[in-house]
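Participant: Encoded as structure tokens, here's the structure I'll be asking about.
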Amino acid sequence: MGTTLFAARPRVGKSVMQHSDLVLIKRARGKGRGVFARTRIRKGAVIEKVPVLIIPIKHLVGGLTNPILQKYFYIWNKGNVAVSLGYGSLYNHSYAPNAEYEHDTASIVYRALRDIAKGEEITINYNGDPRDRGPVGFEVK
């Protein structure tokens, strides 16, 4: 009789990240790509947790005004920006977002602010606070 070996699947927790089965990427009319709900997502649910690359601002050519990278990075702290991996850099902005984000030392967590319907685009407020109506560096339609 042969022995069957099964690979142990790591538990998803604080130290292990697994790509979310809740979302997919597709074209968002007038915006390019966007993140959409693959299934219904309940208010308060974690949509995904993604790792980030921390980059000192002093190492960015053009600093915070770099015309290419400014579309993809988050202000992390006074001296650093972060590039979100996973789908994190593909969430579009809204002043009426259905999701929010928060970060710890090396990752960003996206969480539903309200129930999100299957097929609905998931948006965040780029200013961090879902209620912040301040400028975001481009015209918001």
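The values are calculated or read from the model by the stated rules, or taken from the named source; none is laboratory data. No experiment lies behind these values; they were computed from the predicted model shown. Positions of Cβ are backbone-derived with ideal geometry, glycine not excepted, and every protein chain shown enters the neighbour counts.
Participant: Is it the case that the range 33-45 has a residue that's among the aliphatic types (A, V, I, L, M), in contact with an Asp or Glu (Cβ under 6 Å, 6 or more places away or on another chain) and over 22 Å from R133 (Cα atoms)?
Facilitator: Initial filter on the range 33-45 (among the aliphatic types (A, V, I, L, M)): 35, 37, 41, 45.
Checking which are in contact with an Asp or Glu (Cβ under 6 Å, 6 or more places away or on another chain) leaves us with 37.
Among the residues that remain, those that are also over 22 Å from R133 (Cα atoms) are: 37.
Yes - at least one qualifying residue is present in the range 33-45.
Participant: Name the residue that is farthest from V140 (Cα to Cα), counting only residues in the range 86-105 that are surrounded by fewer than 15 Cβ atoms within 10 Å (Cβ to Cβ) and modelled with pLDDT under 90.
Facilitator: Filtering the range 86-105 down to residues surrounded by fewer than 15 Cβ atoms within 10 Å (Cβ to Cβ) leaves 96, 102, 104-105.
From what's left, modelled with pLDDT under 90: 104-105.
Values: D104: 28, T105: 30 Å.
Only one residue tops the list, namely T105.
Participant: Residue pairs, Cβ under 8 Å, 6 or more apart or interchain, first in the range 23-43 and surrounded by 15 or more Cβ atoms within 10 Å (Cβ to Cβ), second aromatic (F, W, Y). List them.
Facilitator: V23/F36; V23/Y87; A28/F36; G34/Y91; V35/Y87; V35/Y91
Participant: Go through the range 106-137 and count every residue that is polar (S, T, N, Q) and modelled with pLDDT of 95 or more.
Facilitator: Here the count works out to 1.
Participant: Next up: Closer than 25 Å to L24 by Cβ and either touching a Leu at 6+ places or on another chain (Cβ under 8 Å) or of a type in the set (K, R) (or both): which single residue out of A96, A82 fits that description?
Facilitator: Unique residue meeting the criteria: A82.
Participant: Let me ask another. For the range 55-74, name all the residues that are surrounded by fewer than 14 Cβ atoms within 10 Å (Cβ to Cβ) and either in contact (Cβ under 8 Å) with a residue 24 or more places away in the chain or within 28 Å of N98 (Cβ to Cβ) (or both).
Facilitator: Of everything in the range 55-74, those that are surrounded by fewer than 14 Cβ atoms within 10 Å (Cβ to Cβ) and either in contact (Cβ under 8 Å) with a residue 24 or more places away in the chain or within 28 Å of N98 (Cβ to Cβ) (or both) turn out to be P56, L64, I68, K71.
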